[in-house]
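The values are calculated or read from the model by the stated rules, or taken from the named source; none is laboratory data. In this text, all values refer to a predicted model and were calculated from it rather than measured experimentally. Ideal geometry is used to build each Cβ from the backbone, glycine not excepted, and the neighbour counts take in all protein chains shown.
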Amino acid sequence: MSTTGTEPSSTLLAGCLAGDEACIEALVRQFEDGVFRLALSVLGDSVEAREIAQETFIAALRSLRSYRNQTSFKAWLFTIALNLSRSRLRKHRSLDRLKQTLTSLLRMDAQRPLPEEIVIQNEKERFIWQAVSAMDDKHRIPLVLRYYNDLSVAEIAEMLSVNEGTIHSRLHTARERLRVELRKLAGE
């Protein structure tokens, strides 16, 4: 019942299929932070992200028999989370809430900075978020998945049902647009 690495063991998955509560708990523990961060980065609301995370695991466990080892489990699970998040987002889309989420994500790993550093960091985050929010979904979603959720290009391509080359192209375009927008916002 190992939970190391990014893929669950076949023993763990078999236990989940058999309804073993310890295996299910181990699987959830292994992926809950990533699923939550993904939902949070799309929805911008921690309460809704927790709900989506729960719905993701329920849906994944219900359809676990249909999971094929052709794809990484993480990508399969994140695809479920992304689809549920997008569905929820369509019901009530709010870029301001997403801005708050991304700002929170940027602060999660930070140490206690000095007040001056907080002001500078907030300004930087505001500039970055303005540039990211100016992008269309086609470019913003791969950017968020790659850089805020640490998914590989292959996983993103799988999740969005497009070729890896398309993801590389969209990420390149998104980075270039981000660079241009940040220069504009910085007054260069």
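Considering only the range 122-161, state which residues are of a type in the set (Ser, Thr, Tyr) and more than 15 Å from Val42 (Cβ to Cβ). Don't jump to the end; show me each part of the working.
Restricting attention to the range 122-161, the residues satisfying the condition of being of a type in the set (Ser, Thr, Tyr) are 133, 147-148, 152, 161.
Scanning the range 122-161 gives Ser152, Ser161.
Residue by residue through the range 91-115, note down the ones that are of a type in the set (A, V, I, L, M), at pLDDT below 65 and surrounded by fewer than 16 Cβ atoms within 10 Å (Cβ to Cβ). Explain how you work it out, then say what you get.
Filtering the range 91-115 down to residues of a type in the set (A, V, I, L, M) leaves 95, 98, 102, 105-106, 108, 110, 114.
Filter again for at pLDDT below 65, leaving 95, 98, 102, 105-106, 108, 110.
Those that are of a type in the set (A, V, I, L, M), at pLDDT below 65 and surrounded by fewer than 16 Cβ atoms within 10 Å (Cβ to Cβ): Leu95, Met108, Ala110.
Give the range 16-34 a look and list any residue that's in contact with a Ser or Thr (Cβ under 6 Å, 6 or more places away or on another chain) and among the aliphatic types (A, V, I, L, M), or say none.
Ala26
If I ask for residues that are at negative phi, part of a loop (DSSP other than H, G, I, E, B) and modelled with pLDDT of 90 or more, which ones from the range 145-177 would you list?
Our first condition is that a residue be at negative phi; within the range 145-177, this holds for 145-149, 151-160, 162-177.
Next, from what is left, pick out any that are part of a loop (DSSP other than H, G, I, E, B): 148-149, 151-152, 162-163.
Hits for the range 145-177 are Val162, Asn163.
Among (1) more than 18 Å from Ala81 (Cβ to Cβ); (2) at pLDDT below 90, where does Ala22 come up short?
That leaves (2) as the condition not met.
Okay, residues lined up against (1) under 17 Å from Ile24 (Cα atoms); (2) β-branched (Val, Ile, Thr); (3) surrounded by fewer than 20 Cβ atoms within 10 Å (Cβ to Cβ):
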| residue | (1), (2), (3) |
| --- | --- |
| Ala39 | no, no, no |
| Val42 | no, yes, no |
| Ser46 | no, no, yes |
| Gln54 | yes, no, yes |
| Ile58 | yes, yes, yes |
| Leu64 | yes, no, yes |
| Asn69 | no, no, yes |
| Leu77 | yes, no, no |
| Leu82 | no, no, no |
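Looking at (1) charged (D, E, K, R); (2) crowded, with 16+ Cβ neighbours inside 10 Å; (3) at pLDDT 90 or above, which is the one condition that is false for Arg88?
If we test Arg88 against (1) charged (D, E, K, R); (2) crowded, with 16+ Cβ neighbours inside 10 Å; (3) at pLDDT 90 or above, just (3) comes out false.
Of all the helices (runs of 4 or more DSSP H) wholly in the range 3-70, which have at least 2 residues that are under 20 Å from Leu151 (Cβ atoms) and touching a residue at least 60 places away in the same chain (Cβ under 8 Å)?
Values: elements: 10-17, 21-43, 46-62.
By residue number, 21-43.
May I ask you to verify whether Ala53 is out of contact with any strand residue (DSSP E or B) (no Cβ under 8 Å at 6 or more places or on another chain), modelled with pLDDT of 75 or more and within 25 Å of Thr166 (Cα to Cα)? I'd like the intermediate steps shown before the answer.
Details: out of contact with any strand residue (DSSP E or B) (no Cβ under 8 Å at 6 or more places or on another chain): yes; modelled with pLDDT of 75 or more: yes; within 25 Å of Thr166 (Cα to Cα): no.
Considered against the rule, which asks whether it is out of contact with any strand residue (DSSP E or B) (no Cβ under 8 Å at 6 or more places or on another chain), modelled with pLDDT of 75 or more and within 25 Å of Thr166 (Cα to Cα), Ala53 comes out as no.
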